[in-house]
Amino acid sequence: MKKQLFLLVAFSIAFVTTALAQHQRYSIKNGIGIYGGLTQFDIITDNFQTVKGEGWLGGLSATVDLPHKWYTVSYNIQLSENNVGVFARPSNVIANEEEIDYKLFTAQVAFLFHAKVLQDYITVDVGPMIQYNSELELKDDNHENYIIGSYNNLLAKDITGISQFNVNGAVGATAGFKGFKLRAQYIYGFTNMLNKLNNNNDLDTTGGNNKFKGNQSMLAFTAIIVF
């Protein structure tokens, strides 16, 4: 994780340095954006069966537009509330499995590179993202003692303590005009957001995978007002 964080910092510094250097010779246009929209969240894992859930997202962006270049860069800070379902059962009878819902809050900071496909009207966006998230929160406390998936005694409340610092990658596209744009974005988690569960020796993993591994998968659709 330290290596990934170092690469992220180095990547950001390199682009900032380039922008500052160009500022000495060219006119740079800065912009501020406010955006909000909907998300679809999932955890890609073999440990249990999940169901994608919908949520919301809101944030701010600061854009550095380089008119003489074929790209633009931006810094983005966004908050979101996401939902995900996990199949569990009230007893050891597998046939009684049902979906139980969890909630997850995230705070994300991203540095995005926007390649201009059609001037400033359409761009392809890609870049690294640092995320701090809450633990998983059961939406219904009555499901706390449900048994997860194929495990014998792993309870729904046992998997809430996931890793809270993660590094993601974002890719997507933005289309629109000077003051208003629409963005579609896919965010994938490079780090194992279930890794913290591996440090809990009290978890009973009999009947399922002993090693927990899961990667975040998020779709975001937002509308942006640019000033």
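What the table below lists for this structure:
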{"read-out": "Ratio of Rg to Rh over the chain (Cα coordinates, Kirkwood Rh, two decimals)", "value": "1.07"}
{"read-out": "Residues in region 33-63 that a label on F227 would reach, taking backbone N under 13 Å of a point 7 Å out along Cα→Cβ", "value": "33-35, 60-63"}
{"read-out": "Estimated inter-spin distance, N142 and T160, nm [label 7 Å along Cα→Cβ]", "value": "1.7 nm"}
{"read-out": "Rounded accessible area of V86 (nearest 10 Å², 1.4 Å probe)", "value": "10 Å²"}
{"read-out": "Which listed pairs, of K139/K196; K103/K213; K52/K116; K52/K178, have C-alpha distances above 25 Å, in listed order", "value": "K52/K116; K52/K178"}
{"read-out": "Residue-normalised accessible area of region 95-201, given per residue in Å² at a 1.4 Å probe", "value": "47 Å²"}
{"read-out": "Contour minus Cα-Cα distance for V171 and K52 (0.36 nm per residue)", "value": "40.9 nm"}
{"read-out": "Residue order for L219, L155, L60, L194 - accessible surface, 1.4 angstrom probe, largest first", "value": "L60, L219, L155, L194"}
{"read-out": "Signed unit charges on C-beta, dipole axis of region 156-227, positive-most listed residue F227, A173, T160", "value": "F227"}
{"read-out": "Aspartates and glutamates with Cα under 12 Å of K69, excluding same-chain neighbours fewer than 8 positions away", "value": "D120"}
{"read-out": "Between region 48-92 and region 178-213, the Cα center-to-center distance that results, in Å", "value": "13 Å"}
{"read-out": "Accessible surface of the chain, 1.4 Å probe, proportion on carbon and sulfur as whole %", "value": "61 percent"}
{"read-out": "Charge dipole magnitude, Cβ of K and R +1, D and E -1 - the chain, Cα centre, debye nearest 20", "value": "1340 debye"}
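The values are calculated or read from the model by the stated rules, or taken from the named source; none is laboratory data. Just so it is clear, the structure is predicted and the values come from calculations on it, not from any experiment. With ideal geometry, Cβ positions are generated from the backbone for all residues, glycine too; neighbour counts draw on all protein chains shown. The accessibility values were calculated without ligands, DNA or RNA, using every heavy atom of the protein model including side chains. Shrake-Rupley method; radii C 1.70, N 1.55, O 1.52, S 1.80 Å.
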